[in-house]
1. Given the options S119, S169, S131, name the one that is closer than 29 Å to Q317 by Cβ and at pLDDT below 95.
2. What pairs come up if the first residue lies in the stretch 64-89 and is farther than 25 Å from V173 by Cβ and of a type in the set (A, V, I, L, M, F, W, C), the second is at pLDDT 95 or above and in a helix (DSSP H, G or I), and their beta carbons are under 7 Å apart, counting only those six or more places apart or on different chains?
3. Do we find a residue being polar (S, T, N, Q) and open to solvent by 40 Å² or more (accessible area, probe 1.4 Å) anywhere in the stretch 318-335?
4. If we scan the stretch 283-297, do we find a residue that is of a type in the set (D, E), under 19 Å from S119 (Cβ atoms) and without any contact (Cβ under 8 Å) to a residue 12 or more places away in the chain?
5. Which residues, counting only those in the stretch 128-164, are of a type in the set (V, I, T) and either at positive phi or in contact with a helix residue (DSSP H, G or I) (Cβ under 6 Å, 6 or more places away or on another chain) (or both)?
6. Considering each residue of the stretch 29-59, count those that are under 21 Å from A185 (Cα atoms) and either open to solvent by less than 20 Å² (accessible area, probe 1.4 Å) or in a helix (DSSP H, G or I) (or both), and give that number.
7. Taking the stretch 232-252, which residues are at pLDDT 95 or above, open to solvent by 60 Å² or more (accessible area, probe 1.4 Å) and not hydrophobic (A, V, I, L, M, F, W, C)?
8. Looking only at the stretch 256-272, how many residues end up being β-branched (V, I, T) and buried (at least 19 other Cβ atoms within 10 Å of the Cβ)?
Amino acid sequence: MDSDFDVIVIGGGAAGENAAERAVKGGLTAAIVESGLVGGACSYWACQPSKALLRPGTALRAARTVPGAREAVTGSLDVSAVLARRDQAAGHWDDTAQAEWADQAGITLVRGRARLSGSRGIVVTTAEGASSNLTARTAVVLATGSVPALPKLAGLPDVSFWTTADATSAREVPVSLVVLGGGVAGTELAQAFARLGTAVTVVARGPLLPAFPEDARALVAAGLAADGVEVLEGASAELVEAADDGGVRLTLDGGRTLEAARLLVATGRRPALDGLGLPAFGIEPVSLRADTTGRVNGLSWLYAVGDCAGGPKLTHQGKYQARITGDAIVARARGELGAAETPAAWSAWARTADILAVPQAVFTDPELARVGMTEVEAWEAGLRVRAVALPINVAAASLHGEDYEGWAQILVDEDTRTIVGACFAGPDVAELLHAATIAIAGEVPLDRLWHAVPAFPTLSEVWLRLLEAYGL
């Protein structure tokens, strides 16, 4: 195996794969160093298996809202079939196909754990303890993802608990489950397991899904309640200990105790940067900063993409970063982009969407979807914004199912008359998200957006209603 490559990517998840692929497409040689499964967390323990767990319950609920289909539904979810489909979505935790893809793409796969050994130098250690040295002629790209950020909770090290990876790969459906954390992962998994028959309680230090507007969160809270999920907002755990029946007992700050067969800790994630040797280059993990091309802390040869780069921890955003960064590395290698040059916003070599147009979907039932700024973020950025919000009461909503409830909001920059933020809540609203992302990334003026006619009858007609509510 060659030991010298133009680009070496540390981490073979979705972001790392995209960075290496763009480098190869640009005419450079590339290697991926991966100590686990090629494809990363999204493929095996996050996005794909979690959505496979969620979708059956959502499909069943949707059928029950439509007369004619409702009468055909005679049973409940088949737990074994749901878990089998989850296994399939996770590729049965076998990365053979991903490794074959890398080979076909012209990317060299190196199995082992990487550590920076010098400028553009890497030491790779295999699981058996053997080591080898690799050198990157042009760039090293960090794509090591993230790991659970565990809370400082008394007793936690002494009890058995699930992380989100344990939950998405579970071989059993517990009788009861306490979810610590009211963010996206905790909320999605709470509903997934509730619909599989688990009694679920969510403990959230603040509001449920705090990144979303209150009207949107309220619809999800109602959906969880309908599935029997108890949500405790503004509650903090003070102690966890083993229960007599083999489960766990959680004591909250108000003195209430919760007992469950399983505890899921879903309190966020942090960049996976430990053990890479970054301090030798004056970089502490908490101080890592990537510029708009992905270059780290001003070093000419070191880049970062995905969760480890400190930005939005979203698979699609990490892949976007990787595409931009891979192209920027190629451009610098060709002399098309200066070593110290800052590319223009929205150019081929600038990760501008990381700042202005990050889309996110929450696959609870109902769904949440948002992109761009919140109203508070917009005002803090000095923009003069107007929020336009309304229920989703278009014709397609009633056709979608009885008692459809949805909510939509756009944030309009009054000075440019463009949309800088959007949010949707309701069944299947994630499919509305890309239109909003295009409007924001393209800086489409409202007067032009008025000519984008939504097909009837689709949920997209809410765009027309929003523009009418604005005054067009």
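1. Only one candidate qualifies: S119.
2. Taking only residues 6 or more apart or on different chains, the pairs are A69/A63.
3. No, every residue in the stretch 318-335 fails to be polar (S, T, N, Q) and open to solvent by 40 Å² or more (accessible area, probe 1.4 Å).
4. Checked the stretch 283-297: at least one residue is of a type in the set (D, E), under 19 Å from S119 (Cβ atoms) and without any contact (Cβ under 8 Å) to a residue 12 or more places away in the chain.
5. T138, V141, T144, T164
6. 19
7. The answer is E233, E238, E241.
8. Looking only at that region, the number is 2.
The values are calculated or read from the model by the stated rules, or taken from the named source; none is laboratory data. Keep in mind that what you see is a predicted model, and the values were worked out from it rather than measured. So basically every Cβ, Gly included, is an ideal-geometry build from the backbone, and we count neighbours across all protein chains shown. Heads up: the accessible areas ignore ligands, DNA and RNA and are worked out on the full protein's heavy atoms, side chains in. Shrake-Rupley method; radii C 1.70, N 1.55, O 1.52, S 1.80 Å.
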